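Reading through the structure tokens given below for one structure.
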Amino acid sequence: MLDVTKIRADFPILSREVNGKPLVYLDNAATSQTPQQVIDVIVDYYSNYNANIHRGVHALSQEATDKYEQARQKIQKHFNIAQAHEVIFTSGTTHGINLVANGFTSLLKKGDELLVSAMEHHSNIVPWQMLCERTGAILRVIPMSREGELLMDAYHELLSDKTKLVFCNHISNALGTINPIEEIIDAAHQFGAVVLVDGAQAAPHIKADMQALDVDFYTVSAHKLCGPTGVGILYGKSDWLTKLPPYQGGGEMIAEVTFEKTTYADLPHKFEAGTPNICGGIAFGAALDYLNAIGLEEIAAYESELLKYATEQLLQIDGLKIYGTAARKTSVISFNIEGIHPYDIGTILDKLGIAVRTGHHCAQPIMDFYKIPGTVRASFSFYNTKEEVDTLVEAIRRAKAMLS
Ligand code: PMP
């Protein structure tokens, strides 16, 4: 059982007020809050050993390099990745997906097929559309049900020898659905297709095991799991990372440069051009330490209790409809109230100190599917409480009374 009072004390931001009310932060799917333990690591970096890495002979550079590489190893261990060089530091999930999509330009031909799930974030749609434009490959969509679950029979029918790539999120940011990625990966592999799983929403809730999943690529953003913004990782199987060409050229990613020809550095540096987010990488490692000290299974169990409670309470409000009612879902509730625009609800909640997300959540195809302009999305983390759920429900009732 989590000691939520103790956990909340780790997050300075949770004790601030917004619009004269105690902050109720329910926008965790957009970005999570940062515990003091991670803030301390960031302050320590800039106070004590800020230096560029991998190229200095001086003590600070060595210290920063060691800490950065230790963070890579922490990430490797956390996701049970076979080799440290399969962890590529990125600026986040978007960067990781673009890196892979760019790399496949020379590996695809006209008429090849790519399968994308119907419930993707724009960052797992647009880079592939751009890849299709470059190569003449065709993007096909794995459909979903009204409940927000992928139609797996349709997926199996879409797979063929033409399928070269399949991409899907592990958990949907707009609906909270936990997708059956094990089945998706296995079925794709039977046709020799490569699978990229967008783990941005899953990483704060599920400790994904890269070797057990046998996934080819997996992307994570640190800011979704109590780490800083602007840093993440792309996991890639060594074979694929070796086959893909570099994404960006510059310092750090070369073996030798002459004006006639440049040779590239080995993995992971081949994909890490320029000075990286050194402090961010180290803080990412610290965020994983923080979460692992609490335990991801304990976190998931508590969040699913919060989800159940919040769902029950919200459904008691007349006219409230929840989008995404999958049997396996995480602590995200997307909803609308009949006759009221989501933005208006979000604005009133903000006046009451409650942070939720409103809009299409970078997943416009899902909104088109339900024929709605957007939703209000409340997303809960392990530092939220049932009392905060009660505050939310009460505030929605007030907003509804004001707007009806
Ligand atoms: N995919 C999903 C499922 C997400 O929730 C997000 C963040 N909202 C992203 C991708 C993009 O992540 P980032 O903005 O950190 O690159």
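Derivation of every value follows stated rules applied to the coordinates shown; laboratory data play no part. Here the structure is a predicted model, which is why all the values come from computation and not from measurement. Here Cβ is always computed from backbone atoms with ideal geometry, including for glycine, and neighbour counts include all displayed protein chains.
Using unit Cβ charges (K, R positive; D, E negative) and no other charged atoms, how large, in debye to the nearest 20, is the dipole of the chain about its Cα centre?
The calculated dipole for the chain is roughly 720 debye.
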Cα centroid separation, region 80-158 to region 225-284 (Å)
20 Å
From zero outward in steps of 5 Å, how is the percent of C-alpha pairs of region 39-292 spread across the bins?
1, 6, 13, 17, 18, 16, 12, 8, 5, 3, 1, 0
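Among rounded, prolate and oblate, which fits region 180-283 when a ≥ b ≥ c are the square roots of the eigenvalues of its C-alpha gyration tensor, a/c under 1.5 means rounded, and a/b larger than b/c means prolate?
Working: a/c = 3.38, a/b = 1.33, b/c = 2.53.
The shape class here is oblate.
May I ask you to sort Ser160, Ser172, Ser32, Ser145 by Cβ crowding, counting other Cβ atoms within 10 Å and putting the fewest first?
Values: Ser160 11, Ser172 33, Ser32 24, Ser145 14.
Listed from fewest to most nearby Cβ atoms, that is Ser160, Ser145, Ser32, Ser172.
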Principal axis box of region 200-345, alpha-carbon based, largest edge first, Å:
71, 36, 29
Enumerate by residue number the GluC sites (Glu not before Pro) in region 103-194 meeting two conditions: DSSP loop (anything except H, G, I, E, B), and at most 16 other Cβ atoms within 10 Å of the site's Cβ.
Glu147
What is the sum of charges around Asp112, taking Lys and Arg as +1, Asp and Glu as -1, for the other residues whose C-beta is under 15 Å from the C-beta of Asp112?
+3
Ellipticity estimate at 222 nm from DSSP helix runs (n ≥ 4, -39,500 (n - 2.57)) divided over the chain, nearest 500
-11500 deg cm²/dmol
Residue among Leu139, Ile184, Phe79 farthest towards the positive dipole end of region 39-292, charges placed on Cβ
Leu139
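For Gln248, what is the net charge nearby, where nearby means another residue's Cβ is under 11 Å from its Cβ and Lys, Arg count +1, Asp, Glu -1?
Working: positive: Lys270; negative: Glu252, Glu272.
In short, -1.
When the chain is fully extended, how far beyond the present Cα-Cα distance does Val57 get from Gln70, taking 0.36 nm per residue of separation? If you can, show how the numbers build up before the last one.
Details: separation 13, 0.36 × 13 = 4.68 nm, distance 1.83 nm.
Taking 0.36 nm per residue and subtracting the Cα distance, the gain is 2.9 nm.
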In straight Cα distance, which aspartates and glutamates are under 14 Å from Lys386, not counting same-chain residues fewer than 8 positions off?
Asp3, Glu303, Glu305, Glu312, Glu394
Using a Cα-Cα cut-off of under 16 Å, which lysines could be cross-linked to Lys207, ignoring same-chain neighbours fewer than 8 residues away?
Lys74, Lys77, Lys224, Lys329
With each pseudo-label sitting 7 Å past Cα toward Cβ, what's the His189-Ala30 distance in nm, one decimal?
3.8 nm
When the charge dipole of the chain is computed with +1 on Lys and Arg Cβ and -1 on Asp and Glu Cβ about the Cα centre, the Cα farthest towards its positive end, among Ser160, Cys362, Ala222, belongs to Cys362
